[in-house]
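In what follows, a single structure is set out as structure tokens and then discussed.
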């Protein structure tokens, strides 16, 4: 008879409660956990397919050592201990010759972020002596987060449970948070709240909206400035909040005077009358809030667009009030990074310091260094739960950069494109094969009035020689002579140390498998700035950013056109007349994961390119026909999917295909690596030039 193991699904970062049925040590079924306060028994298609993912025949089971030339596809199976010995020896050779800073660590979302990112990986790198912890997060969330943090001091989230109007700006919760935020959004709509969706593509969220706004990709910052122009000209702003709690209003006011509805229409394609209507609705409906999503990222102006939206919240007084945008408290784990062990004069390879202080080295900066050896060479790379060869833009450039490494070790569940280039490949455990403390992220608490923490319980033993992320780093640290900095005998001892600031123990979490939700008092969520100010240098919302001014960036949220755009007379635009956006993220998949799961593949087996029916007719392309989508970086072949949901001169690609163990071409084969957002290194994956023709 099957037993039920209660755990937390981590096939994305929404962390739904899951009941897993286990029979004879094997997972046989997964279903939602009714008592989970976060997901209330819901699971998305990924979670429901967990058993197929767990027992995917393409998983790596044993360590492999490269034989022959890099990328040649020849391997020999070795033991885990031998693999660690080789890895430690090669890394030590690099340290002796070029210094510890010549080793970098690349981490992806595959195993989740949580404390593994800072408390384990940053700790490992700090005691090793390298500041070069890298990720792909310049493409996901961090640019938007930067704009908010450097304006308001935090990330002000929509209080959807108490609002009367919500703007979903580049955010589709029915794809990214369907069983939590999507459900709560529908509750708000049923309560009578107005829903406005701002997105270049008609999404499932748009189908639920009272108003749908369709700007040209990459023009979000201009739209926000245009809305502020309307609000100021109609005297709809919150003058009291502006006077007491903002810095630089006069400079911002001068900037937005230029963005009349007529000019904003010319930039964005949104009719001036619509801009006026939506701005008025947002400013006069009390309270109102804005949910900003990943659609703001992956542009050359991502951070300033995010800042403009934050300024829009501020001038209407919709920050920290019930139903507005709020700074939701989270449980805080112990800081175990040992940052003081890193030599203070050690220079990292990043070129974006405001990004680096939050999240390490952006992926494009890492590739630049691999290619140029500036500011110094990177000789060794550890890649874990992520694939820089397919996740980063312009995959041809990325793979050439990785080939320059003296040593590459990859720890992953599958033979990824980066693993094919590695010297050592190590098999990783899945999220169902080891435990992890889960602090619920910003958009998935049970409500705006609580904070939650849980333990993702181990469900089954790892197969073969698969090791968890924690085990790999712990064992490698000991091989490198750094064992004194990892004094725990097992992961549970580390969890106990992490949990100390929360007031809970591991036993508490084990006794509450649905997680622990703690109610928040009104003063813990709302109007905290009255007593403490905002956590910025001026203690106010910085419409004019003193931090940006100090670092040489534009202190105002000025609008800059996307790096690639169709301009008449431009040679590149003549050859590539369409604007492409690799922006579709199906609810079935997370980034480049799960493309081999049978149930998911039955629903969406292949990528495609969305093209407007009129444009397809002009090009002689029929629905379902094989076409070539090409850009200056290369080309891919996909089937055409005719859609009226997009603008006539745009095409859309789903993101995440391209792994060698899964079928389908990579959208990043044709996405641009430059130009980039000057503040965050965000690359323009959502707005670049292309051409489409019959195959």
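The numbers here are math on the coordinates, done by the rules we state, and not lab data. Because the structure is predicted, anything quoted here is derived from the model rather than measured. Cβ: placed from backbone, ideal geometry, glycine included. Neighbour counts: every protein chain shown.
Each Cα pair of the range 458-599 feeds into the Kirkwood radius, which the Stokes-Einstein equation turns, at 4 °C and 1.567 mPa s, into a diffusion coefficient of 56 µm²/s. Centroid-to-centroid, using Cα positions, the range 61-76 and the range 475-494 are 28 Å apart.
At 7 Å along Cα-to-Cβ for each site, give me the label-to-label distance between residue 635 and residue 649 in nm. Going from the residue 635 label point to the residue 649 one covers 2.3 nm. With the helix formula -39500 (n - 2.57) applied to DSSP H stretches of n ≥ 4, the chain reaches a computed 222 nm mean residue ellipticity of -8000 deg cm²/dmol. Against the chain, whose longest principal axis is taken from its Cα atoms, helix 80-98 shows a tilt of about 70°. Over the range 137-268, the pair-distance histogram of Cα-Cα distances with 5 Å bins from zero comes to 2, 9, 14, 19, 22, 19, 11, 4, 0 percent, rounded to whole numbers.
Give me the extension gain from residue 55 to residue 97: residue separation times 0.36 nm, minus the current Cα-Cα distance, reported in nm with one decimal. Present the calculation step by step, with values, prior to reporting the outcome.
Working: separation 42, 0.36 × 42 = 15.12 nm, distance 4.23 nm.
The residue 55-residue 97 span can extend by a further 10.9 nm.
The distance between label points at residue 35 and residue 236 comes to 4.8 nm (points 7 Å beyond Cα on the Cα→Cβ vector). The convex hull of the Cα atoms of the range 54-110, projected and averaged over all directions, covers 5.8 nm². Radius of gyration over Kirkwood radius for the range 571-694, both on Cα atoms: the Rg/Rh ratio is 0.97.
Stretching the chain fully between residue 69 and residue 530 yields a gain of 159.6 nm (0.36 nm per residue, less the alpha carbon separation).
What FRET efficiency, computed as 1/(1 + (r/R0)^6) with R0 = 22 Å and r the Cβ-Cβ distance, is obtained for residue 618 and residue 210, rounded to the nearest 0.05? Efficiency at R0 = 22 Å is approximately 0.10. Direction-averaged projected area, Cα convex hull, the range 624-691: 5.6 nm², rounded to one decimal.
Along the Cα→Cβ direction, 7 angstrom out, place labels at residue 189 and residue 561. What is the inter-label distance in nm? Here the answer is 3.6 nm between the modelled labels. Over the range 40-144, all Cα pairs binned in 5 Å intervals from 0 give whole-percent P(r) values of 2, 9, 11, 14, 19, 19, 13, 7, 4, 2, 0, listed from short to long. The equivalent ellipsoid of the range 407-473 has semi-axes of 31, 15, 9 Å, largest first, where each one is the square root of 5 times an eigenvalue of the Cα gyration tensor. The calculated pair-distance distribution of the range 342-449 uses every alpha carbon pair, bins of 5 angstrom beginning at 0, and gives 2, 10, 16, 18, 17, 14, 12, 6, 2, 1, 0 percent. Residues within the reach of a label modelled at residue 485 (point 7 angstrom out along Cα to beta-carbon, backbone nitrogen below 17 Å), restricted to the range 333-353, are 335-349.
Measuring between their Cα centroids, the range 353-369 and the range 19-38 lie 39 Å from each other. Counting every pair of alpha carbons in the range 181-234, the share spaced more than 14 Å apart comes to 61 percent.
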